[in-house]
Structure formats: structure tokens, C-alpha cells
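S.K.: This is the structure I want to talk about, given as C-alpha cells.
Every number in this text was worked out from the coordinates using simple rules, so none of it is lab data. Bear in mind the structure is a predicted one, so any value in this text is a computation, not a measurement. Cβ placement follows ideal geometry from the backbone for every residue including glycine, while neighbour counts extend to all protein chains displayed.
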Amino acid sequence: MKCPKCNAELQTQNDRGVKVEACPACKGMWLTPVELDQLENEAFSNEANKGSLYVSSYETAFKCPVCSAPLKEFDYRFFDLQLECCPDHGFWLDQDEDNQILALMRGEEARVERKFGTEASWSDYVNHLRSPTFFSKVKDLFHR
């Protein structure tokens with residue numbers, strides 16, 4: 001396979017335990033959807049809370065290394081990170097975009113944990129307000 005950015009021959013390499021096709025010249029890498037999921041799972045494995053990978057995309061001048069169809073550019077999971085993909089074959093990550101994905105997924109995991117933690121705290125507080133002992137104390141305050 002050829003690099004869609006600089007046309008160098010892609011080489012198979014192991015990146016964080018995932019076999020990817022990498023470009024020795026521009027340091028980009030080609031990942032299948034499964035490989036991208038494996039990369040994301042390093043930082044955030046809760047599939048249900050990851051959100052949509054992409055909604056809309058735009059054709060680029062770069063070609064898919066598998067089928068030569070134009071790669072499409074999209075905003076990765078609604079973040080300010082533009083990636084290219086072939087909807088049928090995989091994703092092209094430029095140099096260091098794998099690290100950016102991991103950083104975004106770690107941030108997303110922390111955000112989800114904060115959200116669920118806040119919801120649990122609010123639920124505990126509301127249950128406390130509804131408890132009979134709380135209402136009896138308030139009632140006693142006004143009936144003295």
C-alpha cells in the first residue's frame with residue numbers, strides 16, 4: 001500500500017500493541033476501523049459513551065491506500081481534530097494524531113466520569129431531602 005500523503009510504501013509496524021500500516025517518510029499511519037477502536041480503547045473503552053465518530057465529511061485530494069477512492073475529511077467525534085478516512089476501509093492519521101486521539105479520549109472519559117458522579121451526588125441529595133427525617137425536622141422548625 002502507498003501513503004496517501006507522500007506516496008511512500010507503507011510498512012506494517014506495531015503501535016501500542018496494534019498492527020498498523022505506517023509511513024516511514026511522513027510518519028502517518030493507516031488504521032482499519034477495528035484498529036482505531038483498539039487505539040481509542042487504550043484511553044476510553046466505554047463504547048456507549050464515546051459518541052459518534054463522524055457525521056459529515058468532505059472529499060480530499062488524497063486517495064485511500066486500499067481502493068484509491070478519495071479520502072474524506074471529518075471532525076473526529078465533534079472535536080477540533082480533522083482526520084481523513086475511507087468509509088469502507090479505514091482511517092489515515094498524520095504524525096502525532098494518534099496521541100491527540102488518546103488525549104481527547106482521556107478527556108472524554110474524565111468528563112463522563114464527572115457527569116455521572118455529579119448525577120449520583122445530586123440523586124443522593126434529592127433522596128436526602130425526601131427522607132422522612134428531613135421533613136420532620138423542617139416541620140418541627142415551623143411548629144414550635
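S.K.: Please work out how much length the chain gains when fully extended from Y58 to A25, using 0.36 nm per residue of separation minus the C-alpha to C-alpha distance, in nm with one decimal.
M.R.: Using 0.36 nm per residue and subtracting the Cα-Cα distance, I get 9.3 nm.
S.K.: Now a separate question. R0 = 35 Å: FRET efficiency of F78 with N127, Cβ-based, nearest 0.05?
M.R.: Here the calculated transfer efficiency is 0.55.
S.K.: Now for a different question. I need T60, T12 ordered by Cβ neighbour count within 10 Å, fewest first.
M.R.: Listing T60, T12 from fewest to most nearby Cβ atoms yields T12, T60.
S.K.: Report the extension gain between A43 and R114 in nm, rounded to one decimal, defined as 0.36 nm multiplied by the number of residues separating them, less their alpha carbon distance.
M.R.: Roughly 24.0 nm would be gained on extension.
S.K.: Name the residue, out of R106, R114, R77, whose mean-square fluctuation peaks in a Gaussian network model built on the chain with Cα pairs under 10 Å.
M.R.: Ranking R106, R114, R77 by mean-square fluctuation puts R114 first.
S.K.: Only Cα pairs within less than 10 Å get springs; with that Gaussian network setup on the chain, which residue of V66, V55, V112 has the largest fluctuation?
M.R.: In the Gaussian network model the winner is V55.
S.K.: Using only Cα atoms, find the angle between the long axis of helix 97-130 and the longest principal axis of the chain, and express it within 0 to 90 degrees, rounded to the nearest 10.
M.R.: Here the helix axis deviates by roughly 10 degrees.
S.K.: Cα-Cα pairs above 26 Å in the chain: how many percent?
M.R.: Counting every Cα pair in the chain, those more than 26 Å apart make up 41 percent.
S.K.: Another question, if that's okay. Under 18 Å from the Cα of K50, which aspartates and glutamates turn up, not counting those fewer than eight places away in the same chain?
M.R.: Once the sequence-local aspartates and glutamates are set aside, what remains near K50 is E35, D37, E40, E42, D75, D80, E97, D98, E108, E109, E113.
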